[in-house]
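Below is one structure; the comments refer to it alone.
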Amino acid sequence: MQQGQPAFRAKQIFDWLYGKRVSSFDEMKNLPVPLRALLADHFVFHDLETLETSGSMGETRKFLFQLSDQELIETVIIPAPRRKKNTVCISGQVGCRFGCAFCASGQKGVVRNLTAGEIVGQVMEAAKELGGRPDNVVFMGIGEPFDNYDAVMKSVRILNHPDGLNIGARKITVSTCGVVPGIERFAEEGLQVELSVSLHAPNEQIRSSIMPVNETWPMAELMDACAAYTEKTNRIITFEYTLIKDLNDSVEQARELVQLLRRFPCRVNLIPLSPVEEFDGECPETETMQAFFQTLENAHINTTLRDSKGSKLKAACGQLRSRRID
Ligand code: SF4
């Protein structure tokens, strides 16, 4: 909208929207009344409508939001009470086209991309709930961020902007299931944002059996892209690895994983499988997971064995879906 307004007005509007988080142009008190009216004539506030909330304050909480076209998405607030930090896990699409076997989000395909406004809106809603901006934001909800690259990057820049939510770049994590062209593009962004890659298997055969994306961008190609990313950015990738009983959880497979990850510095997040009705895999026994963890640690790979936070609420990794909570 070209209206011959001075440039500082844009900064003021940005601050009202993302810094002060108002929800009407009337509240933008330092704008002249005619400009407020003009804005109201040309733009609308698409607040996300909260249909359902589960979990209680101080614990993992899941939100079902309705978008302006009635589509549904989920967002999760994950507190770490001991560190007094909150992480918000946000969605980037309605549905997902990648159909990983263990993930509820991708079972019905993708419906549409979210706009940058809808992505940032999830964090703003979380900020309202928390009474302040969250400490960390992870793009690990519904959808593949690199399948909606431009809107995701725009939202990252808004979240990170000092006049916006001012969330540090290192506090934002973009997670991909292995979309190689996205990783290559991301390497060129010059941002300090964290990259996480969902690997979930120690070899091509197992990965292809649970992640159809491996047919398009096989693991060999993915690991080359990750090595190039690490070299270009000097940043360390976190690999997500969901442990599934008798599929990818043996010590031999942990050793195979070590060989795969030896070529560049990285971190590994081991995630116990959270049940979804469409997948009959099971979570391994605690000792099995410990043995897997120890094998990676012994090989000096920085590894975390995660709690499956939010599993009871169906708010854990792979459990989000675009429908009402059952
Ligand atoms: S794990 Fe991620 S990429 Fe795979 S289906 Fe679920 S949302 Fe899509």
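Read-outs: derived from the displayed coordinates by stated rules, not from any lab. The structure presented is a predicted model; accordingly, all values stated were derived computationally and were not measured.
Key figures
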{"quantity": "Volume of the Cα convex hull of region 197-265, divided per residue and given in Å³", "calculated": "78"}
{"quantity": "Descending semi-axes in Å of region 151-227, equivalent ellipsoid built from Cα gyration tensor", "calculated": "29, 11, 10"}
{"quantity": "Eligible lysines near K154 by straight Cα distance, threshold 24 Å, same-chain separation 8 or greater", "calculated": "K11, K20, K128, K171, K232"}
{"quantity": "Potential lengthening between E59 and Q294 on full extension [0.36 nm per residue; Cα-Cα distance subtracted]", "calculated": "81.7 nm"}
{"quantity": "Cα-based shape type of region 223-307, given that a ≥ b ≥ c are square roots of the gyration tensor eigenvalues and the cut on a/c is 1.5", "calculated": "prolate"}
{"quantity": "For region 122-262, fraction of C-alpha pairs farther apart than 20 Å, in %", "calculated": "50"}
{"quantity": "Using alpha-carbon coordinates, inclination of helix 219-233 to the longest axis of the chain, degrees", "calculated": "50"}
{"quantity": "Distribution of pairwise C-alpha distances over region 61-123, 5 Å bins, in %", "calculated": "4, 17, 24, 22, 17, 10, 5, 2"}
{"quantity": "Stokes-Einstein translational diffusion, the chain - Kirkwood Rh over all Cα pairs, 1.002 mPa s, 20 °C, in µm²/s", "calculated": "103"}
{"quantity": "Average Cα contact separation per residue, the chain, under 8 Å, 6 or more apart, as relative contact order %", "calculated": "16"}
{"quantity": "Whole-number D in µm² s⁻¹ for region 1-71, Kirkwood Cα-pair radius fed into Stokes-Einstein, 10 °C, 1.306 mPa s", "calculated": "109"}
{"quantity": "Whether region 22-151 is rounded, prolate or oblate, judged on the alpha carbon gyration tensor where a/c under 1.5 counts as rounded", "calculated": "oblate"}
{"quantity": "Square roots of 5 times each gyration tensor eigenvalue, C-alpha, region 100-184, largest first, Å", "calculated": "23, 15, 12"}
